[in-house]
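Here is the structure we will look at, set down as structure tokens.
The values are calculated or read from the model by the stated rules, or taken from the named source; none is laboratory data. Just so you know, these numbers come straight off a predicted model, no measurement behind them. Here the Cβ positions follow ideal geometry from the backbone for every residue, glycine too, while neighbour counts run over all protein chains shown.
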């Protein structure tokens, strides 16, 4: 079998397929879609609706949305549209729909992530909780056996120790909420030993001790770990690292946004990985898609948010 055939065989999205399949018997959730005014965001919302994942409420300039749908041959029959004049108004209104209980999920359309998240983060009218808002890439890497969670590569630029505590807890709660069990969490740095010259190694050690003391719960933590010995059992063996996490990590916690963004994009463009995106720490899961996302990735993002929302619903009803 040729190398190309092997890669093609591996790249069948079986990890995403399992996530999507897990939503089949769940009720679709009302989802406020902020400013779906380009083809990818509008088509993505309607595809997720056809799959029975969401009941979209399209929030944006009504004429622009209907004209776009007509030009693309998309059917908006039965779809609610809330007419607002521009993208920032769409972000504010979509957040309001969640606050008032008319939607259980929030989905980014064709507006900047900062516009949507600034509406989410407003103290009096947003969707803040006691947790730091953070982002997780749920990555389907064809050459890696397990789904990899990478956090935070999109929201927190240079998180401090306590922000990292929330970032890790958000990711652990997501992993558990998807029914995947207890995750192995690797806190990444350039090296796997504590070095005072590399602050991220000291923070990694502190975070592991915080987990020992119950300040982070629900996962097995180890760090600092370098990327190779976090995901490769052979690399961990060669380095002599004895740990239940080394070589088997399922959640990768990066030192800062730059490192995380480069890691996720390297996997996407060099390993043909797909990266579903979700924002956590708000009152509801936020589906954060990119214009470059393919249909399968958008569907996976919706599946992740849907599964998490249903998991939360089973534990505690949403308070409005």
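A few points about this structure:
- Here residue 236 does not qualify as crowded, with 17+ Cβ neighbours inside 10 Å and within 25 Å of residue 158 (Cβ to Cβ).
- Any chance residue 158 is at pLDDT below 95, outside any helix (DSSP H, G or I) and closer than 30 Å to residue 239 by Cα: no
- Subset of region 75-114 [touching a helix residue (DSSP H, G or I) at 6+ places or on another chain (Cβ under 7 Å), under 16 Å from residue 282 (Cα atoms) and touching a residue at least 60 places away in the same chain (Cβ under 8 Å)]: 95, 103, 104, 105, 106, 107, 108
- Of the numbered criteria (1) at pLDDT 95 or above; (2) touching a strand residue (DSSP E or B) at 6+ places or on another chain (Cβ under 6 Å), the one residue 274 fails is (1).
- Residue match in region 73-80 (condition: out of contact with any strand residue (DSSP E or B) (no Cβ under 9 Å at 6 or more places or on another chain), within 20 Å of residue 26 (Cα to Cα) and modelled with pLDDT under 95): no
- Residue within region 176-187 that is under 13 Å from the mean Cα position of the chain (by Cα) and under 15 Å from residue 285 (Cβ atoms) present: yes
- Considering region 279-305, the residues that are part of a strand (DSSP E or B) and crowded, with 24+ Cβ neighbours inside 10 Å include one that is nearest to the chain's Cα centre (by Cα), namely 279.
- Check on residue 140, free of Cβ contacts under 8 Å to residues at least 24 places away in the same chain and either surrounded by 19 or more Cβ atoms within 10 Å (Cβ to Cβ) or within 18 Å of the chain's Cα centre (by Cα) (or both): no
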